[in-house]
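To start, the structure itself, in structure tokens.
The values are calculated or read from the model by the stated rules, or taken from the named source; none is laboratory data. Note that the coordinates shown come from a computational prediction; the quantities given were computed from them, not determined experimentally. Note that each Cβ is placed from the backbone with ideal geometry, even for glycine, and that neighbours are counted across all protein chains shown.
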Amino acid sequence: MKAYRELTAEFIGTLWLVLGGCGSAVFAAQFMGGSPEVNLGIGLLGVSLAFGLTVVTGAYALGHVSGGHFNPAVTLGLVAAGKFPGARAPQYIVAQVLGGLGGALILYGVKSGQSGFSIENTAGTFATNGYGDFSPGGYSLAAVLVAELVLTALFLLVILGATARAASPAMGGLAIGLMLTLVHLVSIPISNTSVNPARSSAVALVAAVFGDGATSPLGQLWLFWVAPIVGAVVGGVVYKAALDPDTEPAVEATAAGSAA
């Protein structure tokens with residue numbers, strides 16, 4: 001029964017991450033308010049804050065149930081750091097991917113009710129991640145790879161440090177949410193910010209199924225699995241080897257996890 005609760009929490013948390021974070025980009029990043037001269041949208045700053053807020057709210061609401069990972073890279077980074085059992089990781093990842101897809105389908109269901117809607121004309125092809133032509137700033141594959149890898153590694157260091165037994169437990173979720181906000185502030189122009197394979201997969205799959213196919217970034221999705229996972233594992237290994245203040249490894253889920 002405990003496993004069922006944990007997987008349900010990961011499903012809901014990742015759904016909320018995609019719905020709240022990607023939804024802010026799809027619905028609210030740019031909103032002209034009925035006039036082409038008046039933009040009432042929240043912009044990149046607002047989208048960055050939205051992603052951070054989904055993690056803060058999700059961590060405090062669900063972190064005590066599942067650890068609040070909401071991100072396959074985070075789960076595998078915690079495994080690498082010795083903070084989460086590897087045998088449970090596949091179940092968590094499946095729940096996260098399905099939750100993210102559920103959030104993306106809700107986004108599509110609502111957005112498709114707008115007059116003149118098309119996937120290709122919506123917030124960077126439905127808030128998908130990419131490099132080259134699919135990068136908001138036109139960044140290369142190599143640049144996106146480095147950014148996603150480094151930022152995910154640093155994200156994991158913050159997660160592990162903020163949830164260590166020596167840290168302030170009440171502040172963990174806030175610190176992680178603020179770090180995710182910072183990550184988005186840095187990297188939205190580079191890759192539309194992933195650091196989370198479940199988030200990337202959800203919107204890419206919906207864009208591929210419901211878009212015109214010619215402009216789908218699905219062929220680039222591999223990078224947004226490889227780079228965040230490698231970065232998270234590196235972050236977990238570095239923390240375990242050089243930074244971990246805890247003398248006994250915690251094999252249960254962390255008290256306040258995170259997402260992308």
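Exactly one residue among Val110, Val74 is aliphatic (A, V, I, L, M), within 16 Å of the chain's Cα centre (by Cα) and part of a helix (DSSP H, G or I), and that residue is Val74. Across the stretch 42-73, the qualifying residues are those that are of a type in the set (S, T, N, Q) and crowded, with 20+ Cβ neighbours inside 10 Å, and the one among them that is farthest from Arg199 (Cα to Cα) is Ser66.
Residues that are more than 21 Å from Val97 (Cα to Cα) and among the basic types (Lys, Arg): does the stretch 158-166 have at least one? Within the stretch 158-166, one or more residues are more than 21 Å from Val97 (Cα to Cα) and among the basic types (Lys, Arg). Is it the case that the stretch 39-53 has a residue that's under 19 Å from Leu185 (Cβ atoms) and of a type in the set (Phe, Trp, Tyr)? Yes, the stretch 39-53 contains a residue that is under 19 Å from Leu185 (Cβ atoms) and of a type in the set (Phe, Trp, Tyr). Of the residues making up the stretch 77-87, none is surrounded by fewer than 18 Cβ atoms within 10 Å (Cβ to Cβ), in a helix (DSSP H, G or I) and either touching a residue at least 24 places away in the same chain (Cβ under 8 Å) or of a type in the set (Ser, Thr, Tyr) (or both).
Here the stretch 1-10 is the region considered, the condition is being of a type in the set (A, V, I, L, M, F, W, C) and surrounded by fewer than 24 Cβ atoms within 10 Å (Cβ to Cβ), and the residue that is modelled with the highest pLDDT is Leu7.
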